[in-house]
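The values are calculated or read from the model by the stated rules, or taken from the named source; none is laboratory data. No experiment lies behind these values; they were computed from the predicted model shown. Backbone-built Cβ (ideal geometry, glycine too); neighbour counts: all protein chains shown. These area figures cover heavy atoms from the full protein model, side chains too; ligands, DNA and RNA do not enter into them. Shrake-Rupley method; radii C 1.70, N 1.55, O 1.52, S 1.80 Å.
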Amino acid sequence: MADNVPSCAGAFLEVRNLTLQYKTDRYLVTATRDVSFDVGESDRLVLLGPSGCGKSTLLKAIGGFLKPAGGSIALNGRPIKAPGADRGIVFQEFDQLLPWKTARENIVFAIRQTRNASREEAVEEAQALLEKVSLARVGDSYPHALSGGMKQRVAIARCLAIKSKIILMDEPFASLDALTRQKMQEELLYLWTETKFTLVFVTHSIDEAITLGTRIIVLSPHPGRVVDEFSVDWTRGPEEYGESASLKERITQILFRDIDYVI
Amino acid sequence: MSYKAEADGADIPDEMKRTLSLHEKLYNSAAARKLFLLIFLAIAWQLYSMRVDNPLMFPSLVDTMAGFVEVVRSGELPLRALASLRVIVVAYAGGVILAGLLTVFAITTRPGTDLLEILTSMFNPLPAIALLPLALLWFGLGYPSIIFVIVHAVSWPVALNIYTGFMGVSSTLRMVGRNYGLSGFAFVFRILVPAAFPHILTGLKIGWAFSWRTLIAAELVFGVSSGSGGLGWFIYEKKNQLDINLVFAGLLTVIIIGVLVEGVVFKFIEERTVVRWGMKF
Ligand SMILES: Nc1ncnc2c1ncn2[C@@H]1O[C@H](COP(=O)(O)OP(=O)(O)O)[C@@H](O)[C@H]1O
Ligand SMILES: [Mg+2]
């Protein structure tokens, strides 16, 4: 395991000295300051940090919804200027499914809006994706009739449906119960082995970061800055499992070093 | 069982559910409960009119129904109702289209927003019928004047509701739409309109109620020249001829049409949209 891995040249996603701000009526809020990192193709990069450190803001900027106040973001060498379907997004919020469409139609809509596919193809593909996230049975249900975990699974299926090379996920499992969360994490890793998409995954859970990430970027609270970066060695065998425990300890220390208040 | 179900239960395995029995369904049905109340009110009307015993002041239900059947048979009432409906369809559609255009202009441009806010805050509190004298001056005695006031009655509440609905669309849903590359009209019609549909439907209902009222009120004021007035004119005419049971029959027709549109047309749309989507508030 190596700390502070040097960034590979010409990375898939390049974030350079990114500063993001919100203008409210009275204040100029700086959400992240001078954040830089690279994401290589097929990386599973985890952005880890306490609540309010600007993780969602960072993801929205990569999504193209927010103009940088400083610095730059480039995807495939081209600066990101606007939202687009070349980036699949799973939002943090449960209300991200279109409530007027069934689970299946949500996926069909995503396919039809972003790709050249006939309705029949889209429906067929949507069904296959629903089966992949084990939701084939509720394809005809409207989102309001689904549980939180089901909604997030549909959102993940919908996001895979647009076949973007990079997928951004904002704490998609944060409000699920521990058991469901663990299942979804396993499912996500399994889905990744199929197409090896590039993943940027936001979480505030150290365990989740270690479970999912090949690389972990640790952000400081308010405003978010990169404080450290780890690589997780996925070739390790079970006998080396102790390493992940020590990794957890080190990340915990780093996170708490920056928190100058007592929880 | 007082908890209101939010799911349709389709995804629940059969072991966990059973079909409701007929009387359970009947009690659950608002229509059945309301029908019962309606029958009760009808009986109360008949009993009261028999006590008053003055057909000139308060005709009985039986007299009213007899008169109703008579003018329906003679074709007079259907003709008048049709005249009213023809006007209102044109005026209502015009008002809704105007409201839609104004709102789309309002959400896409800053001056549009200001314009809509100023216009609605000015004209929404102004009863449309107050513009009738002015309309008569501009458009003369006839349906153009009535259409003008109805468009006025419909546009502002509908525009206000559509606008409120658009503004209330969650930023997540907006981001989803833009993530798919939607913009302009595609964004408005594929994301904003369905997402704001509960508000839009409310606006359409309020607009309908306002326009129907305004129409009848306007017809009461004139119709003087044209022999082919609508329902409002029918009511006015029958009062002058002291056919009070026919006045009641006319009022009943106004109510029936209002209820049918509200309870059948809008209900139908509502069941197929916001109720199905779990977006009814
Ligand atoms: N729309 C907004 N307007 C103003 N400030 C915001 C807005 N969204 C987030 N913020 C602020 O930016 C900071 C980072 O927020 P966010 O990116 O949501 O954090 P995280 O996702 O890490 O919990 C917070 O202090 C938050 O209050
Ligand atoms: Mg967040």
For segment A:196-204, does any single residue satisfy the condition of being more than 22 Å from A:Ser147 (Cβ to Cβ), assigned to a loop (DSSP other than H, G, I, E, B) and hydrophobic (A, V, I, L, M, F, W, C)? yes
Residue match in segment B:202-215 (condition: within 14 Å of chain A (Cβ to nearest Cβ), out of contact with any strand residue (DSSP E or B) (no Cβ under 6 Å at 6 or more places or on another chain) and in a helix (DSSP H, G or I)): no
In the set A:Leu45, A:Leu58, which member is away from every other protein chain (no Cβ under 13 Å) and either in a helix (DSSP H, G or I) or within 13 Å of ligand 1 (Cβ to nearest atom) (or both)? A:Leu58
Starting from segment B:181-196, take each residue that is away from chain A (no Cβ under 11 Å) and list its partners that are part of a helix (DSSP H, G or I), counting only C-beta distances under 7 angstrom and pairs at least six apart or across chains. B:Val188/B:Val104; B:Leu192/B:Phe166
Look through segment A:75-94, keep the residues that are farther than 14 Å from A:Lys165 by Cβ and touching a residue at least 24 places away in the same chain (Cβ under 8 Å), and return whichever of them is nearest to the other protein chains (Cβ to nearest Cβ). A:Phe91
Which of the residues belonging to segment B:73-105 are open to solvent by 70 Å² or more (accessible area, probe 1.4 Å) and in contact (Cβ under 8 Å) with a residue 24 or more places away in the chain? B:Leu79, B:Val90, B:Leu98
So, in segment A:110-128, of the ones that are in contact (Cβ under 8 Å) with a residue 24 or more places away in the chain and open to solvent by 20 Å² or more (accessible area, probe 1.4 Å), which residue ends up nearest to A:Arg181 (Cα to Cα)? A:Glu125
Pairs, please: C-beta under 6 Å, at least 6 apart or cross-chain, first residue of a type in the set (D, E, K, R) and in segment A:157-171, second within 16 Å of ligand 2 (Cβ to nearest atom)? A:Asp170/A:Ser56; A:Asp170/A:Leu59; A:Asp170/A:Phe91; A:Asp170/A:Gln92; A:Asp170/A:Val202; A:Glu171/A:Gln92; A:Glu171/A:Val202; A:Glu171/A:Thr203
Taking A:Gly224 as the residue in question, decide whether it is open to solvent by less than 20 Å² (accessible area, probe 1.4 Å), more than 13 Å from chain B (Cβ to nearest Cβ), more than 21 Å from A:Gln96 (Cα to Cα) and within 16 Å of ligand 2 (Cβ to nearest atom). yes
Inside segment A:161-193, can you point out the residues that are assigned to a loop (DSSP other than H, G, I, E, B) and within 16 Å of ligand 2 (Cβ to nearest atom)? A:Glu171, A:Pro172, A:Phe173, A:Ala174, A:Ser175, A:Leu176
So A:Gln113 passes all but one of these: (1) within 16 Å of ligand 1 (Cβ to nearest atom); (2) within 12 Å of chain B (Cβ to nearest Cβ). Which condition number does it fail? (1)
Return only the number of the condition from (1) within 16 Å of ligand 2 (Cβ to nearest atom); (2) under 27 Å from A:Leu191 (Cβ atoms); (3) crowded, with 17+ Cβ neighbours inside 10 Å that A:Cys53 does not satisfy. (2)
(1) part of a strand (DSSP E or B); (2) of a type outside the set (A, V, I, L, M, F, W, C); (3) open to solvent by 50 Å² or more (accessible area, probe 1.4 Å); (4) within 16 Å of ligand 1 (Cβ to nearest atom): which one isn't true of A:Asp25, the others all being true? (1)
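One line per residue, one yes/no per condition, for (1) among the charged types (D, E, K, R); (2) open to solvent by 20 Å² or more (accessible area, probe 1.4 Å):
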residue	(1), (2)
A:Pro172	no, no
A:Ala178	no, yes
A:Glu186	yes, yes
A:Thr198	no, no
A:Asp207	yes, yes
A:Thr211	no, yes
Looking at A:Ser134, A:Ser118 in this structure, which one is within 14 Å of chain B (Cβ to nearest Cβ) and small (Gly, Ala, Ser)? A:Ser134
With modelled with pLDDT under 95 and either surrounded by 20 or more Cβ atoms within 10 Å (Cβ to Cβ) or more than 12 Å from chain B (Cβ to nearest Cβ) (or both) as the only criterion, which of A:Ile107, A:Ile156 stands out? A:Ile156
